[in-house]
Structure formats: structure tokens, C-alpha cells
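The values are calculated or read from the model by the stated rules, or taken from the named source; none is laboratory data. Predicted model, so just to flag it, every value in this text is computed and none were measured. Cβ: placed from backbone, ideal geometry, glycine included. Neighbour counts: every protein chain shown. The accessibility values were calculated without ligands, DNA or RNA, using every heavy atom of the protein model including side chains. Shrake-Rupley method; radii C 1.70, N 1.55, O 1.52, S 1.80 Å.
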Amino acid sequence: TEGPRRILAIKLGAVGDLVMASSFFDILRRQSAPGDEIVLLTGKTYLRFLESHPCFDRLIPADDFTLYNGGLIARLKELSRLITLLRGEKFDLVFVLHRAWQFNLLAFLAGIPRRVGFSRGREGIFLTDRVIPVPSRNEREAYLDLLRIIGIPAVYEKSFFYLSPAEDRFLEDFLKQHDIGREERVVAIVPGGGKNIKSYMPGKRWPIENYACLAKKLTRESACRVVLFGGHDEK
């Protein structure tokens, strides 16, 4: 009989993509055999969002800033480091949740015998099991296709974002600090976005004036509290 498998998933980010892939991670965990180890290779930028994730036994950090923004020598050094590290792990199966051929090549060079990922044109040459993306299809279904193609039943139920105990405590403190009652209706607005470690896409952002109008409309028509969220560079 086969022993426990060592399974790797490769997804460097970003936060929205990790949420879209959360159903994939959840079903992979539930459908795996007892004793299987599931490891996620992800970017250092997003480690803090994943530290409490129950679907992974371990996280392997990659220097995503260098891989996406560094010079050629720096990128090759980080790629070489990852190849050496992954080869030493001796994974049995890898799921590549990126659509860029470079990650398929990484899985191949890491010596992982079964490699499941997306194939556009000839990009799937480094894979053993290929999913051809369907245009305009919900991304969460595309991720689940990576399970279906190797015979793992996958039906979408819901998406997840797991909070650490410290983040749960922050919520309690935030509600008390701003005198927000448990029964109050609170609407969170995140007017940023379109920016991550890899790229900046301001065209994905709704105009700020529209958010202001939306906030006024919400407070006027539904008697709710509006809370704005954003990063340091969006203050």
C-alpha cells in the first residue's frame, strides 16, 4: 500500500487570489488521506495572512519581491535556492496555482514526479496533468479543475479567510474602542486595491468620489456605520 504523500501547492499571492483558491485548499485537505502532508509555497509578503490556515501543515516562504522586481542575478539566485530546497523535500505531487509557465518549470526542476497545473498553448510542456483555462469562467472553478483532472471530486461550497486569535482580539477591541454594539449594522468599505507585489493596476479601482457617494447613501438610507479599511499608503 502507498504511504502518506507529500503534497505541495504553489501560490505566491495575492490576498484576493488566495481567497479565491480557498475552496481548493479546503477540499484538498478534506480529500487527502490521513498522514498526507500539505505544504504551501507562498510569498513572504502574504505569510501573515496564512499563518493560521488549517489546510496547511507547513508554509515555505519565497522572496516574492525579488522574484517579481529584482534584477536578473537576484531572481536567478532566489530561483536556484527554491529549486534546491524543493528537491530536498522530495514531494510526490504538486499543484501549480499560477498560469505563468515559469512556475510549471519550477515544479519540473524541483523533481516532483506528478505536476498539475494550467496550460495555455505550449506552457503545459512541464506538467503531467494539464488544465486548459476556460475564458470568463469563475476563477474559483478553475482552481477546482486542478483537483477534478486527477480524479478528486470538487464541488464549490464557499470561500474562506481564516483569522488568527490576535486578529479576533483586534476585532473585539475595535468594536469597543469605537463604541459599536453587537446588534449595530456595520458596512466595511475598502476603496484601495489594484496593487500587489507584482503589479499596479489603478484601472481596477472604482473612483474615490463614487465611494464617498456610496458611504453617504448607506448611512442615509440604512442607518448603518461605515468603516474604511486600507493600507498605510492609502491613508
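Being farther than 24 Å from Asp145 by Cβ and small (Gly, Ala, Ser) is a condition met by at least one residue of region 81-95. Is it the case, given these coordinates, that Asp17 is on the phi < 0 side of the Ramachandran plot, out of contact with any helix residue (DSSP H, G or I) (no Cβ under 9 Å at 6 or more places or on another chain) and not in a strand (DSSP E or B)? Against the criterion (on the phi < 0 side of the Ramachandran plot, out of contact with any helix residue (DSSP H, G or I) (no Cβ under 9 Å at 6 or more places or on another chain) and not in a strand (DSSP E or B)), Asp17 does not qualify.
Condition test on Ile10, is it under 29 Å from Ser199 (Cα atoms) and out of contact with any helix residue (DSSP H, G or I) (no Cβ under 9 Å at 6 or more places or on another chain)? Spelling it out, it is not the case that Ile10 is under 29 Å from Ser199 (Cα atoms) and out of contact with any helix residue (DSSP H, G or I) (no Cβ under 9 Å at 6 or more places or on another chain). In region 80-99, the residues that are in contact (Cβ under 8 Å) with a residue 40 or more places away in the chain reach residues that are of a type in the set (Ser, Thr, Tyr) with C-beta atoms within less than 9 angstrom, at least six apart or across chains, in these pairs: Phe95/Tyr143; Leu97/Tyr143.
Applying a threshold of 9 Å to beta carbon distances and a minimum spacing of six or more residues, or different chains, the list of pairs starting in region 1-22 at a residue that is in contact (Cβ under 8 Å) with a residue 60 or more places away in the chain and ending at one that is hydroxyl-bearing (Ser, Thr, Tyr) and in a strand (DSSP E or B) reads Ala9/Thr42; Ile10/Thr42; Lys11/Thr42; Leu12/Thr42; Gly13/Thr42. Condition check: over 19 Å from the mean Cα position of the chain (by Cα) and over 18 Å from Arg5 (Cα atoms). Does Arg114 satisfy that? So Arg114 fails the test. Scanning region 59-110 for residues that are open to solvent by less than 30 Å² (accessible area, probe 1.4 Å), assigned to a helix (DSSP H, G or I) and farther than 20 Å from Leu127 by Cβ gives Asp64, Thr66, Glu78. Output the qualifying pairs, or none if there are none: Cβ atoms under 7 angstrom, residues six or more apart or on different chains, first residue in region 134-150 and part of a helix (DSSP H, G or I), second residue of a type outside the set (Gly, Ala, Ser) and surrounded by fewer than 15 Cβ atoms within 10 Å (Cβ to Cβ). What qualifies is Arg140/Tyr156; Glu141/Tyr156; Ala142/Pro133; Leu144/Tyr156.
Candidates are the residues of region 20-58 that are more than 19 Å from Gly151 (Cα to Cα), touching a strand residue (DSSP E or B) at 6+ places or on another chain (Cβ under 7 Å) and in a loop (DSSP other than H, G, I, E, B); the one that is most open to solvent (accessible area, probe 1.4 Å) is Asp57. Among the residues making up region 181-202, those that are without any contact (Cβ under 8 Å) to a residue 12 or more places away in the chain and under 18 Å from Cys224 (Cα atoms) are Gly181, Arg182, Glu183.
So Phe170 fits all but one of (1) part of a loop (DSSP other than H, G, I, E, B); (2) at pLDDT below 90; (3) on the phi < 0 side of the Ramachandran plot; what number is the exception? The number of the failed condition is (1).
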